[in-house]
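These notes concern the structure reproduced below.
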Amino acid sequence: MLGILMLGNLDKIFVKEASDRIYVTVKYDRDLETIMKKYEDTYVLNADSGLVEVPYGQTREYIRLLKKDPEIQRIGPMPIKPKIDVKNFVIEIRDQITGYTQGEYGTITYRNRPDRELPIDPQMEKMVARSFSYLIPALLTSIVAGFLLALLAVWLPKIGSVLDRINRLLLAMPDFLVVALMQMGAILLAMALRKKVLTIMQFGSDTPFLIPFLAIMLLPTALMYGAFRIAVTREWEEGYIKTAYAKGMSRPHVIIWHIMRNVTEDLLTALPRVVSVAITSLVVAEVMCGVFGLGGYAINPDLHKVTSLPATCAILACFGLLTHVLVAVLRRFLVVKTKEVA
């Protein structure tokens, strides 16, 4: 979590504005020093130029506060020569951690109102629901599809050869290219049918589902197929399969009660990597489709500034960590039983 906070605030270590000074211009019939006496911890350094000293690292807070004063005409930061400021970096992380303990997860600023910072908290629930509505179904589908395709590849070697080629192609293609091809296909299909077939970008409440879902599902499916392909091939050649057939067991019975049980460890080994890839695909799909979710909102063209990125990254990281915990629990209670039976 500390690593997420540090990476999310990496831009704060490079400063081009003074961390403890601002410029304040009051109305022509007002006195700057008199007005600033109303605000604690401030000191007028130069009344002619309007230079005011404020507590270190709180320039944005004082700018927001002073903008509400009707006696102040203009206010802004003090530009300085760009430099590395570790103290400012530490203070920003400290303030964010303090905000998290108070239920504040950061702000977003829209381009049409660059002077107004809006808390991300009211939209967080919708963002989580929107992103996980793709992520969880796509993960479950990729596991099932990967296993079924692996069975089909072993069962029918000619089809398996074709699936192996498709699998290598999918693993070689970058995520953004997959999404772009889907969007292009949806546009061409809409032009041919003269009506909208699929939503390819988010417009208001009209949010795309199929394209992000498929984009998140494809690469994890390819990874699961590769893992299951090796595992199912290995189990298919084991002697107990022939013994089971000799005892009169049907093929579905052998697949369900023997093969599926014995490839559980292969599934658990591949699952953490599959989840990581799915989260990466989620971010790419949401950015490409303009979806205002956990992965895509930070690069939304309508936003001017985002300070809530560490919080949303932490949510996705926690999902990945929970997957590792689930895998550890299942490995302890499921794989041991599997080995005993096998």
### Query
With (1) of a type outside the set (A, V, I, L, M, F, W, C); (2) loosely packed, with under 15 Cβ neighbours inside 10 Å; (3) under 25 Å from A311 (Cα atoms); (4) over 19 Å from the mean Cα position of the chain (by Cα) as the list, and G3 as the residue in question, which single condition is left unmet?
(4)
### Task
Tell me, please, whether a residue that is closer than 26 Å to V327 by Cα, touching a Ser or Thr at 6+ places or on another chain (Cβ under 9 Å), at pLDDT below 80 and buried (at least 19 other Cβ atoms within 10 Å of the Cβ) can be found in the range 275-284.
no
### Query
L267 is checked against (1) within 18 Å of the chain's Cα centre (by Cα); (2) buried (at least 21 other Cβ atoms within 10 Å of the Cβ) and fails just one. What number does that condition carry?
(1)
### Residue count, the range 24-52 (criterion: surrounded by fewer than 17 Cβ atoms within 10 Å (Cβ to Cβ) and in a strand (DSSP E or B))
4
## Note on the structure
All-but-one check, R74 against (1) in contact with a strand residue (DSSP E or B) (Cβ under 9 Å, 6 or more places away or on another chain); (2) among the charged types (D, E, K, R); (3) within 30 Å of R261 (Cβ to Cβ), failing number (3)
### Considering residues of the range 201-215 that are within 15 Å of A180 (Cβ to Cβ) and within 16 Å of the chain's Cα centre (by Cα) only, the residue surrounded by the most Cβ atoms within 10 Å (Cβ to Cβ)
P212
### Message
Where the second residue is of a type in the set (K, R) and the first is outside the structural domain of M36 (by TED's automatic domain parsing) and lies in the range 57-70, which pairs have Cβ atoms under 8 Å and are six or more apart or on separate chains?
### Response
none
### Task
Scan the range 149-166 residue by residue and report those that are modelled with pLDDT of 90 or more and surrounded by 14 or more Cβ atoms within 10 Å (Cβ to Cβ).
L149, L163, D164
### Query
So, in the range 167-176, of the ones that are surrounded by fewer than 18 Cβ atoms within 10 Å (Cβ to Cβ) and in contact (Cβ under 8 Å) with a residue 12 or more places away in the chain, which residue ends up farthest from R234 (Cα to Cα)?
F176
## Note on the structure
Okay, helices (runs of 4 or more DSSP H) sitting entirely in the range 221-290 with 2 or more residues that are assigned by TED's automatic domain parsing to the domain that holds D175 and in contact (Cβ under 8 Å) with a residue 60 or more places away in the chain, I get 264-289
#### Entry: Output for the range 54-89, where each listed residue is in a helix (DSSP H, G or I), touching a Lys or Arg at 6+ places or on another chain (Cβ under 9 Å) and among the β-branched types (V, I, T)
T59
### Query
Looking only at the range 96-127, which residues are touching a Gly at 6+ places or on another chain (Cβ under 8 Å), in a helix (DSSP H, G or I) and surrounded by fewer than 17 Cβ atoms within 10 Å (Cβ to Cβ)?
D121
### Summary
Per the list (1) surrounded by 17 or more Cβ atoms within 10 Å (Cβ to Cβ); (2) at pLDDT 85 or above, residue check on N88 breaks on (2)
### Message
Could you check the range 173-220 and list, in sequence order, the residues that are under 23 Å from R130 (Cβ atoms) and part of a loop (DSSP other than H, G, I, E, B)?
### Response
K196, V197, L198, T199, I200, M201, Q202, G204, S205, T207, P208, F209
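The values are calculated or read from the model by the stated rules, or taken from the named source; none is laboratory data. Keep in mind that this is a model prediction, so the values were computed, not measured. Positions of Cβ are generated from backbone atoms using ideal geometry, with glycine treated the same way; all protein chains shown enter the neighbour counts.
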